[in-house]
Amino acid sequence: MQRRKFIKDTLTGLPVLLLAPSLLASSCKKNDGNNKNKTIIVIGAGISGLAAAKQLKAEGFNVIVLEAQEKVGGRLRTDRSLGVAFDEGASWIHGINGNPITPLAAQAGMDTFETVDESRVSYDIGGVLRSAAAYDNGETELYSILNSMMNSGNANQSFETVFNNLYPSKANDRLWQFFLSTYVTFDTGDLNQLSSLLYNEGEEFSGVEKIATNGYDTIPNYLANGLNVQLNQRVTKIDYTDAKIKITHNGNISEADYVIVTVPLGVLKANRIQFAPALPIDKQFAINKIGMNCVNKFLLTWNTAFWDDVQYISYTPAIKDKFNYFVNVKKFHPAVNALMTFAYADYARQTETMTDAQIIGEVMSHLKDIYGTSIPNPTNLLRTKWQTNENAFGAYSYTAVGTEMKHFEDLAATINNKLFFAGEHTEVDYFSTAHGAYLSGLREANKIINL
Ligand SMILES: Cc1cc2nc3c(=O)[nH]c(=O)nc-3n(C[C@H](O)[C@H](O)[C@H](O)COP(=O)(O)OP(=O)(O)OC[C@H]3O[C@@H](n4cnc5c(N)ncnc54)[C@H](O)[C@@H]3O)c2cc1C
């Protein structure tokens with residue numbers, strides 16, 4: 001049920017070792033000492049930027065990371081204010097076998113817990129318990145549809161259009177709305193904008209899913225150790241006209257021989273950084289065509305737990321993408337009475353205009369429908385607002401109508417052998433994930449090392 005689960009269950013993942021030895025191994029090129037004279041500025045201290053910076057520093061380059069926020073991590077961001085780690089961005093290592101995040105997490109000290117998909121219960125409106133068989137059969141049919149529906153798609157049609165044409169009786173079925181929401185929209189983006197040809201793109205690793213328990217930010221904090229990271233530095237302009245690149249940040253101008261831009265696709269779409277000269281047309285086109293979705297996460301805590309002792313509790317409300325899936329945090333933090341829930345796509349954006357009280361009211365209406373009106377109110381709420389977050393303007397990239405896979409490569413393309421681009425949205429095989437972002441950072445570092 002987690003992100004990318006449907007892909008993992010239906011495709012055989014490419015083990016990373018088959019594709020990434022050049023990324024994971026350090027460069028064969030001998031460091032002749034000249035690297036010390038070269039300054040590299042990395043823009044953004046997310047996992048991609050930090051991975052690149054660490055690799056380049058190890059090769060002797062003078063590396064500076066400029067980060068707009070008050071801490072490193074970007075979309076690997078953890079809020080511990082309630083005494084439990086609430087990951088605002090990534091929570092899971094998707095498929096542990098061959099996934100570069102697996103060994104990195106171990107090195108960094110990120111603790112994980114295997115979330116078992118089959119530990120689940122599903123309720124319909126009125127608190128009606130759905131039979132496991134109805135759920136399982138629907139899930140099997142969904143996988144089969146997702147494996148073949150791209151053959152009925154075309155370049156101009158959205159996933160929603162094609163699905164509704166092929167399966168009109170499912171379009172308004174609450175269980176199917178739930179499946180599409182948590183198995184497809186969560187993983188990709190708005191179904192009325194998702195490509196009907198490319199919705200299933202993206203390679204996956206095999207193995208179980210593991211959720212971070214002491215915070216995903218453990219990884220960026222580990223990577224940042226020993227690096228020259230300058231926080232609260234918002235880059236507004238990159239002028240690559242001359243041999244030395246000029247970077248404007250907080251009214252100051254810094255110069256570099258090479259720059260790696262790792263800001264999220266949403267930031268590029270919003271033109272928050274001025275490039276001089278303007279970016280090549282292919283890159284601008286790709287920025288425009290690849291989609292940036294919205295997923296928001298909510299953590300609610302209670303004095304006592306009143307819910308089922310399973311990992312996942314699902315609910316199939318009338319409104320799609322709305323608080324329809326609860327992760328039972330108590331499964332991996334037995335002393336904590338907390339549920340994590342989600343909103344996707346348009347409903348996720350709508351939540352950003354709602355007060356905390358309104359959010360709690362809507363979540364509680366679902367839980368009361370399941371568990372009765374006498375359940376207690378939550379003691380606390382933590383929430384995200386990824387769409388309006390100026391450091392991301394969305395959650396992660398997806399294949400919107402009009403996207404071609406080559407657009408991810410266009411986003412990764414180097415300009416004049418001095419302006420480099422990394423970030424999850426530049427990884428054609430693993431876009432939208434923490435591991436994709438990490439691999440993209442190593443990829444760009446190796447490009448510079450091998451120049
Ligand atoms: C809600 C949500 C759930 C997710 N779930 C998972 C999951 O379970 N598993 C998984 O593998 N992946 C998941 N992801 C995706 C994963 O978190 C990202 O793909 C990954 O963290 C992106 O890393 P990055 O380095 O590309 O970008 P970021 O982490 O966004 O780093 C970019 C950095 O650039 C900085 N920046 C922005 N603008 C400027 C500027 N003008 N000047 C200077 N700095 C700037 C930002 O502050 C940020 O620190 C999730 C993401 C979200 C949002």
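The values are calculated or read from the model by the stated rules, or taken from the named source; none is laboratory data. Quantities reported herein were computed from a predicted structural model and do not represent experimental measurements. Virtual Cβ from ideal backbone geometry, glycine too; neighbours counted across all protein chains shown.
Brief remarks follow.
- Scanning the range 243-267 for residues that are crowded, with 16+ Cβ neighbours inside 10 Å, more than 23 Å from SER158 (Cβ to Cβ) and of a type in the set (A, V, I, L, M, F, W, C) yields ILE245, ILE247, ALA256, VAL259, ILE260, VAL261, VAL263, VAL267.
- Lone qualifier among ILE96, ILE125 - being among the hydrophobic types (A, V, I, L, M, F, W, C) and within 15 Å of the ligand (Cβ to nearest atom): ILE96
- Qualifying residue in the range 71-79 (condition: outside the structural domain of ASP369 (by TED's automatic domain parsing), more than 10 Å from the ligand (Cβ to nearest atom) and either buried (at least 16 other Cβ atoms within 10 Å of the Cβ) or of a type in the set (Lys, Arg) (or both)): yes
- Selection status of THR384, within 11 Å of the ligand (Cβ to nearest atom) and either small (Gly, Ala, Ser) or closer than 26 Å to ARG77 by Cα (or both): yes
- Some residue of the range 348-361 being aliphatic (A, V, I, L, M), surrounded by fewer than 23 Cβ atoms within 10 Å (Cβ to Cβ) and assigned by TED's automatic domain parsing to the domain that holds GLU70: no
- Some residue of the range 414-423 being crowded, with 20+ Cβ neighbours inside 10 Å and assigned to a helix (DSSP H, G or I): no
- GLY202 at positive phi, within 12 Å of the ligand (Cβ to nearest atom), within 18 Å of the chain's Cα centre (by Cα) and buried (at least 16 other Cβ atoms within 10 Å of the Cβ): yes
- Test: LYS322 is surrounded by fewer than 16 Cβ atoms within 10 Å (Cβ to Cβ), in contact with a Ser or Thr (Cβ under 9 Å, 6 or more places away or on another chain) and either modelled with pLDDT under 95 or over 21 Å from ASP79 (Cα atoms) (or both): no
- Condition met for LYS54 (at pLDDT below 95, more than 30 Å from ASN200 (Cβ to Cβ) and not assigned by TED's automatic domain parsing to the domain that holds LEU339): no
- One residue from SER152, SER131, SER119 being in contact (Cβ under 8 Å) with a residue 60 or more places away in the chain and not hydrophobic (A, V, I, L, M, F, W, C): SER119
- Matching residues, the range 433-451, being assigned to a loop (DSSP other than H, G, I, E, B) and surrounded by fewer than 24 Cβ atoms within 10 Å (Cβ to Cβ): ASN450, LEU451
- Condition met for ALA413 (within 24 Å of LEU223 (Cα to Cα) and either in contact with a Leu (Cβ under 9 Å, 6 or more places away or on another chain) or modelled with pLDDT of 95 or more (or both)): no
- Cβ-Cβ under 6 Å pairs, at least 6 apart or on other chains, the range 439-451 side more than 19 Å from ASN37 (Cβ to Cβ) and of a type in the set (Ser, Thr, Tyr), far side assigned to a helix (DSSP H, G or I) and within 12 Å of the ligand (Cβ to nearest atom): SER440/SER48; SER440/THR426
- Selection status of ILE370, away from the ligand (no atom under 16 Å from the Cβ), farther than 23 Å from GLU201 by Cβ and not in a helix (DSSP H, G or I): no
- Candidate set: the range 35-63, residues that are over 18 Å from LYS447 (Cβ atoms) and over 19 Å from the mean Cα position of the chain (by Cα); chosen: the one surrounded by the fewest Cβ atoms within 10 Å (Cβ to Cβ): ASN37
- Pair list, Cβ under 9 Å, 6 or more apart: the range 260-288 residue assigned by TED's automatic domain parsing to the domain that holds ALA445 and more than 17 Å from GLY49 (Cβ to Cβ), other residue outside any loop (DSSP other than H, G, I, E, B) and hydroxyl-bearing (Ser, Thr, Tyr): GLN274/THR236; GLN274/THR248
- Note on the range 393-431: residues that are farther than 15 Å from ALA286 by Cβ and touching a Gly at 6+ places or on another chain (Cβ under 8 Å) total 5.
- When residues in the range 155-178 are screened for being touching a residue at least 12 places away in the same chain (Cβ under 8 Å) and under 29 Å from GLY127 (Cα atoms), 8 of them pass.
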